[in-house]
Amino acid sequence: MNTMAITSMERVLKTLGHQEPDRVPMFLMLTMHGAKELGLSIREYFSKPEHVIEGQLRLGQKYQNDCIVPFFYGPLEIEAFGGEVIWADDGPPNSGEPFIRSIEQINHLKMPDARSSKVLQKVYKATEGLNKEVGNKIPIIGVVMSPFSLPVMQMGFDKYLEIMFFRPDLFKRLMEVNQEFCVNFANRQLEAGATAICYFDPVSSTTIIPRETYLKTGFLIAQQTISRIKGPTATHFASGRIMDIVDDIAKTGTAAVGTSTSEDIGMMKVACKGKLTVIGNMNGIDMRNWDRTKTVHIVKDIIRKAAPGGGFILSDNHGEIPFQVSEETLMTISETVQTYGHYPIQLSDG
Amino acid sequence: MHDIQALVQDLERALLSLNRNEAIKIIHQASTQSSPIEAACEVVTEALDHIGAGWEEGRYSLSQVYISGLICEEAVDAVLPREAPERKDQPKMAIGVFADYHLLGKRIIYSSLRAAGFELTDLGSGLNTEDVVKMVHKQQISVLLLSTLMLPSALKIKELTRQLKDMPVKVVVGGAPFRFDENLWKEVGAYATGKTPKEALEIVNNLTGGKV
């Protein structure tokens with residue numbers, strides 16, 4: 001997809017090794033925009049793996065993206081558990097009413113077989129198809145919801161926090177079910193051709209739980225789960241703060257972290273240096289309001305602060321760019337990276 | 001006689017360590033010194049304000065804000081029951097989650113406002129424009145608080161405020177999209193937005209003339 005001598009895969013691997021590649025790698029986490037490319041509704045687009053394959057290839061080509069994302073939508077895993085998905089014309093499908101209505105249901109919760117689950121087959125087929133097309137040239141990023149964060153959609157945030165703090169028996173049981181499911185889903189995506197897995201774990205951020213709770217819960221679960229995923233992982237906190245737990249995250253075995261626009265990217269880079277590659281941190285929600293000048297300014301500023309020394313991938317802060325973000329803005333981000341993202345970085349303050 | 005500030009600090013400590021019994025004991029203690037409503041307003045509101053501000057500054061987490069609100073709501077309900085006359089003399093208020101099912105933000109604001117002595121109707125989640133317009137009309141709601149998690153849900157509020165524009169209702173919005181895009185609340189035609197329980201309380205106090 002990139003015509004330069006170095007492939008996206010080589011670029012990303014070098015930066016993950018905390019070295020400077022030819023230029024800053026860029027992960028535009030575009031999922032729904034594939035529907036625009038194909039002239040389909042979002043629902044129609046995600047109904048067939050062939051659409052996602054075609055959509056991802058076109059988006060990759062158009063924006064010179066350094067990754068391919070065969071991710072469908074967050075509540076897909078909830079669908080696998082038998083839960084409801086609500087479609088929208090202008091955004092990602094949302095999970096419906098939680099299927100765990102009473103916390104005691106957790107005792108009888110059955111784990112779907114991630115390998116044979118009908119709804120997950122389209123992810124595997126899309127991944128296989130994309131792998132056939134791009135081979136080892138572009139990283140294919142599979143996505144899983146962490147066992148620790150999935151319960152927000154399974155039972156609702158309020159009930160989940162109550163079992164996390166007051167019902168350790170049910171919390172433990174739910175984690176056992178989710179962990180097995182997550183490991184199977186991740187490993188099946190790797191078998192299908194994903195290069196790495198993005199472990200989505202927003203509940204572990206200090207925006208949601210204090211560090212002392214994280215160390216007793218999300219941290220241990222991430223350590224156990226990531227050690228069983230047979231490939232590299234990046235952990236994403238979907239805009240949540242992580243500065244206070246950077247050293248802990250590094251001990252979970254993950255290679256990179258998705259960072260929030262609420263935290264200073266320069267300070268984050270210093271905190272992660274040599275331990276974790278920093279991914280981020282353009283404000284995805286605000287991005288739909290950016291004009292060309294603002295886009296160039298923001299991208300240059302992030303590159304200046306975070307790119308020197310490698311160990312950095314430019315991306316949005318949430319892990320999925322909203323459908324409302326225009327093609328012009330995405331193109332400007334890409335062009336700015338091509339223009340100002342070459343190493344050694346030569347951007348000065350202001 | 002206990003010093004109010006000391007009670008606030010004790011309550012904050014008890015809430016942050018999830019010590020429900022201790023927190024309830026402190027709130028009871030406060031309510032025996034002044035009227036229950038004053039205790040709710042001063043001690044509980046101030047402790048919850050500190051915790052909410054701590055979250056905004058990144059010192060505390062949302063789970064701490066949420067659990068603190070729940071504990072305080074329970075304790076204030078005990079000293080200031082739902083039917084208490086102080087709760088009745090207020091403009092009709094309601095709260096709900098618009099176009100999605102992520103309840104936490106709504107639950108936090110609901111608990112914090114009730115813990116401060118306000119009474120409000122919980123409209124639930126997954127609300128759409130048509131339902132809300134009917135509810136506002138039927139229940140004569142004059143302050144409507146709406147929470148959203150997803151950007152498309154937030155953008156849909158624009159149509160709702162358009163349809164409500166001739167009704168005497170003020171729409172107050174909150175949730176992640178409004179935190180990450182500071183002008184979004186104006187774009188959707190809301191009266192105001194709040195990032196924390198404290199800001200929500202200030203807005204409601206403003207709208208109700210502090211009538212608790």
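The values are calculated or read from the model by the stated rules, or taken from the named source; none is laboratory data. Everything quoted here is computed from the prediction, not taken from an experiment. Glycine gets a Cβ as well: all are built from the backbone with ideal geometry, and neighbour counts include every protein chain shown. Areas reflect the complete protein model, heavy atoms only, side chains present, ligands, DNA and RNA absent. Shrake-Rupley method; radii C 1.70, N 1.55, O 1.52, S 1.80 Å.
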Can you give the angle from 0 to 90° between the axis of helix B:151-164 and the longest principal axis of chain B, with both taken from C-alpha atoms, to the nearest 10? 80
Quick calc, the stretch A:8-340, dipole around Cα centre from Cβ unit charges on Lys, Arg (+) and Asp, Glu (-), nearest 20 debye, gives 680
Whole-Hz Karplus couplings 3J(HN,Hα) for the stretch A:108-117, θ = phi - 60° and coefficients 6.51, -1.76, 1.60, Gly and Pro as x, run 10, 5, 9, 7, x, 7, 4, 6, 9, 3
Quick one: helix B:104-115 against the long Cα principal axis of chain B, what's the angle to the nearest 10°, folded into 0 to 90? 50
Total charge dipole magnitude, the protein assembly as shown, about the Cα centre, Cβ charges on Lys, Arg, Asp, Glu only, Debye to nearest 20: 960
Quick one: angle between helix A:168-192 and the longest Cα principal axis of chain A, in degrees between 0 and 90, rounded to 10, please. 50
Mind grabbing the accessible area of residue A:95 for me, 1.4 Å probe, Å², rounded to tens? 10
Under the rule of at least 5 residues apart or a separate chain, name every residue whose amide H is placed under 5 Å from the amide H of residue A:277. A:256, A:257
Solvent exposure ordering (accessible area, 1.4 Å, most first) of B:181, A:301: A:301, B:181
What distance in nm lies between label points placed 7 Å from Cα along the C-beta direction at residue B:56 and residue A:61? 5.0
To the nearest 20 debye, what is the magnitude of the charge dipole of the stretch A:33-89 about its Cα centre, counting +1 on the Cβ of each Lys and Arg and -1 on the Cβ of each Asp and Glu? 220
Expressed in nm to one decimal, what extension gain is obtained for the pair residue A:270 and residue A:105 from 0.36 nm per residue of sequence separation less their Cα-Cα distance? 54.9 nm
Rank A:62, A:216, A:300 by mean-square fluctuation in a GNM of chain A with C-alpha springs under 10 angstrom and give only the top-ranked residue. A:216
Given H placed 1.01 Å from N in the peptide plane, which residues other than close sequence neighbours of residue B:121 have an amide H under 5 Å from its amide H? B:93, B:94, B:95
Share of Cα-Cα pairs in the protein assembly as shown beyond 37 Å, whole percent, is 32
For all pairs of alpha-carbon atoms in the stretch A:217-297, what percent lies in each bin of width 5 Å, listed from the first bin to the last filled one? 3, 14, 24, 20, 15, 11, 6, 4, 1
Please list, or write none, the lysines whose alpha carbon is within less than 18 Å of the alpha carbon of residue A:216, excluding same-chain residues fewer than 8 places away. A:172, A:251
Within the set A:327, A:44, A:54, GNM on chain A using Cα springs under 10 Å gives the largest fluctuation to A:44
Quick one: Kirkwood hydrodynamic radius for the stretch A:8-340, alpha-carbon pairs, angstrom, one decimal? 19.9
Separation between the residue A:227 and residue B:38 pseudo-spin-labels, each 7 Å from Cα along Cα→Cβ, expressed in nm? 5.8
Would you mind getting me the FRET efficiency between residue A:220 and residue B:130? Use the beta-carbon distance for r and R0 = 45 Å, nearest 0.05. 0.45
Per residue, how much space in cubic angstrom lies within the convex hull of the C-alpha atoms of the stretch A:283-350? 82
When only Cα pairs under 8 Å and 6 or more residues apart are kept, what is the percent relative contact order across the stretch A:8-340? 20
Calculate one ³J(HN,Hα) per residue across the stretch A:298-310 by plugging θ = phi - 60° into the Karplus curve 6.51 cos²θ - 1.76 cosθ + 1.60, and present them in order as whole Hz with x for glycine and proline. 5, 5, 4, 5, 5, 4, 4, 7, 10, 7, x, x, x
Please give the calculated 222 nm ellipticity per residue for chain B, where each DSSP H segment of at least 4 residues contributes -39500 (n - 2.57) and the sum is spread over every residue; nearest 500 deg cm²/dmol? -17000 deg cm²/dmol
Of the chymotrypsin sites (Phe, Trp or Tyr not before Pro) in the stretch A:1-108, which ones lie in a loop per DSSP and count no more than 15 other C-beta atoms within 10 Å? A:87
How much length is gained on full extension from residue A:289 to residue A:180, taking 0.36 nm per residue of separation minus their Cα-Cα distance? 35.1 nm
Give the calculated FRET efficiency between residue A:22 and residue B:78 to the nearest 0.05, with a Förster radius of 51 Å applied to their Cβ-Cβ distance. 0.20
Could you check which residue among A:52, A:183, A:119 shows the biggest mean-square fluctuation in a GNM of chain A with a 10 Å Cα cutoff? A:119
Picking from A:197, A:279, A:135, whose Cα lies most toward the positive end of the charge dipole for the protein assembly as shown (charges on Cβ: Lys, Arg +1; Asp, Glu -1)? A:135
What list of ³J(HN,Hα) values in whole Hz, one per residue of the stretch A:313-321 in order, does the Karplus curve 6.51 cos²θ - 1.76 cosθ + 1.60 (θ = phi - 60°) give from phi, with Gly and Pro shown as x? 10, 6, 7, 7, 8, 9, x, 7, 7
Once amide H atoms are placed 1.01 Å from N in the peptide plane, what residues at a sequence separation of 5 or more from residue A:233, or on another chain, have their amide H within under 5 Å of its amide H? A:197, A:255
